[in-house]
Structures are given as C-alpha cells and as structure tokens.
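**Q** Quick one: structure below, then a few questions.
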C-alpha cells in the first residue's frame, strides 16, 4: 500500500513539472511576441535618437472593416476637379501623369483653414507625380492628420487614418543631396516630404510638413523632399499646436483634410 502511495506522489510531481514547463514556454512566446510588436515601426519621420512609431488616430469604431478594391492606375483628368470618383487603393505605382518640368500648386483645405504647397517636378519628379496623381483621385479628401508632434512635424496622407496606411504600392523617391545632408539643412520650416519606413524606396502616400523647430531634428535625412508650404503656414502651425509631445504624436485634437485641389 505504501508503494502505491509513493508511486502516486511521483506521478503528481511529474505532472506538476510538466505544467510548469508548459507555462514557462507560453510566457517566453508571449515575451517574444511583445518585443516584435514593440519594435515594429510605422512609416514616419524620426527625430534624432528616436525610434519609429505607429500611431492610430481615434476614430469611430465599426463592427466590420471594408477593404477597398484596388484598381489599375490610370492618369486622372488634369483639371482642378480631377477624377469623378474617389479612389483609395491601387494595384501598383502610378504612370507618369505630370510634366517633368511642371510646377504644381496643391491647395489643401482643412477643418481649420487652407494652406498651399508648391511642388517643382524637376526637383522631385516621382514624389510630385505621385502626390498629384493621388490628389486628383481625391485620395486625401476626408483623411486625418494621425501623427502630429509639437515642434516637429504634421503627418497625413493615410486612407485609414493611421501611420501605417498606404495606397497599395510603394515607389522610390529621391534622397536629399549630399551637400545639404552634410550640413543637416536639407529641410526647412514648411518643407513637405514623403514619410517612409527608413528608405525612399518605401515611399507611398503619407507625407509630412516640417513645423518650426523641426528641420534639424530630421535624422537621418532620408525623406523625399517634394514641396514647400508657400501660403497658410499658420494653419499648419495651428494643427501642430494640437499635437502630442512624444514621438508617437497622438494629437489632442484630430484635424482633417477636407479636400486637395491641384492647379
């Protein structure tokens, strides 16, 4: 009888050790997954010595998520009215729809006012072509500025109002010139550049505008510069004043683009 009791105690001890090992394995997996999530970065400009972040702006939640159908890119009408219907997903990067020597003005109407971006295609042909293409398909209309960091940047251009959304493709923009990179003066207040995940080859639809004090913080300078705010900078600064103070840039007030018109 004593031997039976000892055998039963041994079986219980072995089962207990087995459960402890299994629990430890689950904990290790959970830690690994947590690290992966924490280290995953979204598209967005980085400050010196700051890690990239992914920020989702607050928006009313729905029970279902509708994934837009991607369409083949065709040049939209080159008029201020643009395409007749809004498109937010494409199967690949756009064809060339702008003049290689053209200068384009983008009038951006927001909930707090209007600003104008001047874009010179000679300086940044791929990024200017991309912005004009998307704007004429009303891609930016109704979207928010999900990442706004005070004294740094205002970021927008995502169809799903997060810093990870895009048009369904990526393209290669231009890196700033080595001359300005060496002096760390590639960007100025009001500069408009493409947000990316660390390389101009990952440019998509998201862009950012440099706020006063933010120009020298853009390191490394790997963001395709394609425009300059020439009117309404006070509107951009108003949006910036409602931003967050950390690199995640969760704004205290979420502002949005009403529409973008190209002239």
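**Q** If you go through region 149-163, how many residues are crowded, with 21+ Cβ neighbours inside 10 Å and at pLDDT 95 or above? Before you say what the answer is, go through the steps one by one.
**A** Residues of region 149-163 crowded, with 21+ Cβ neighbours inside 10 Å: 149, 152-159, 163.
Now drop any that are not at pLDDT 95 or above, which leaves 149, 152-159.
Number satisfying all stated conditions: 9.
**Q** Let me ask something else. Name every residue in region 229-248 that is surrounded by 15 or more Cβ atoms within 10 Å (Cβ to Cβ) and under 11 Å from residue 112 (Cα atoms), in order of residue number.
**A** Selection gives 232, 235, 236, 237, 238, 239.
**Q** A follow-up question, please. Could you run through region 79-110 and say how many residues are outside any strand (DSSP E or B) and surrounded by 14 or more Cβ atoms within 10 Å (Cβ to Cβ)?
**A** Going through region 79-110 one residue at a time, the tally reaches 12.
**Q** Sticking with this one: Just one of (1) crowded, with 20+ Cβ neighbours inside 10 Å; (2) more than 19 Å from residue 76 (Cα to Cα); (3) modelled with pLDDT of 95 or more; (4) out of contact with any helix residue (DSSP H, G or I) (no Cβ under 6 Å at 6 or more places or on another chain) trips up residue 127, so point out which.
**A** Here residue 127 clears every test but (2).
**Q** Do we have residue 258 as in the same structural domain as residue 130 (by TED's automatic domain parsing), farther than 16 Å from residue 124 by Cβ and either out of contact with any strand residue (DSSP E or B) (no Cβ under 8 Å at 6 or more places or on another chain) or part of a helix (DSSP H, G or I) (or both) here? So that I can check it myself, show each step before the final result.
**A** Working: in the same structural domain as residue 130 (by TED's automatic domain parsing): yes; farther than 16 Å from residue 124 by Cβ: yes; either out of contact with any strand residue (DSSP E or B) (no Cβ under 8 Å at 6 or more places or on another chain) or part of a helix (DSSP H, G or I) (or both): no.
Spelling it out, it is not the case that residue 258 is in the same structural domain as residue 130 (by TED's automatic domain parsing), farther than 16 Å from residue 124 by Cβ and either out of contact with any strand residue (DSSP E or B) (no Cβ under 8 Å at 6 or more places or on another chain) or part of a helix (DSSP H, G or I) (or both).
**Q** Within region 166-190, track down each residue that is at pLDDT below 95, out of contact with any helix residue (DSSP H, G or I) (no Cβ under 7 Å at 6 or more places or on another chain) and crowded, with 17+ Cβ neighbours inside 10 Å.
**A** Answer for region 166-190, where residues must be at pLDDT below 95, out of contact with any helix residue (DSSP H, G or I) (no Cβ under 7 Å at 6 or more places or on another chain) and crowded, with 17+ Cβ neighbours inside 10 Å: just 176.
**Q** On the given criteria, is residue 249 in contact with a strand residue (DSSP E or B) (Cβ under 7 Å, 6 or more places away or on another chain), in the same structural domain as residue 181 (by TED's automatic domain parsing), in a loop (DSSP other than H, G, I, E, B) and closer than 21 Å to residue 46 by Cβ? Steps first, please.
**A** Working: in contact with a strand residue (DSSP E or B) (Cβ under 7 Å, 6 or more places away or on another chain): yes; in the same structural domain as residue 181 (by TED's automatic domain parsing): yes; in a loop (DSSP other than H, G, I, E, B): yes; closer than 21 Å to residue 46 by Cβ: yes.
In short, yes.
**Q** Based on this model, can you work out whether residue 181 counts as in contact (Cβ under 8 Å) with a residue 12 or more places away in the chain and within 18 Å of residue 253 (Cα to Cα)? Lay out the reasoning, then the answer.
**A** Values: in contact (Cβ under 8 Å) with a residue 12 or more places away in the chain: yes; within 18 Å of residue 253 (Cα to Cα): no.
It is false that residue 181 is in contact (Cβ under 8 Å) with a residue 12 or more places away in the chain and within 18 Å of residue 253 (Cα to Cα).
**Q** Still on this structure: Restricting region 196-208 to residues that are part of a loop (DSSP other than H, G, I, E, B) and modelled with pLDDT under 95, which is farthest from residue 240 (Cα to Cα)? Show your work before the answer.
**A** Start the filter on region 196-208 by keeping residues that are part of a loop (DSSP other than H, G, I, E, B), which leaves 196-199, 204-206.
Restricting the remaining residues to those that are modelled with pLDDT under 95 gives 196-199.
On the way: 196: 20, 197: 22, 198: 23, 199: 25 Å.
Among those residues, the one meeting the criterion is 199.
The values are calculated or read from the model by the stated rules, or taken from the named source; none is laboratory data. Computed from a predicted model, the values in this text were never measured in an experiment. Neighbour counts are summed over all protein chains in view; Cβ atoms, including those assigned to glycine, are modelled from backbone coordinates with ideal geometry.
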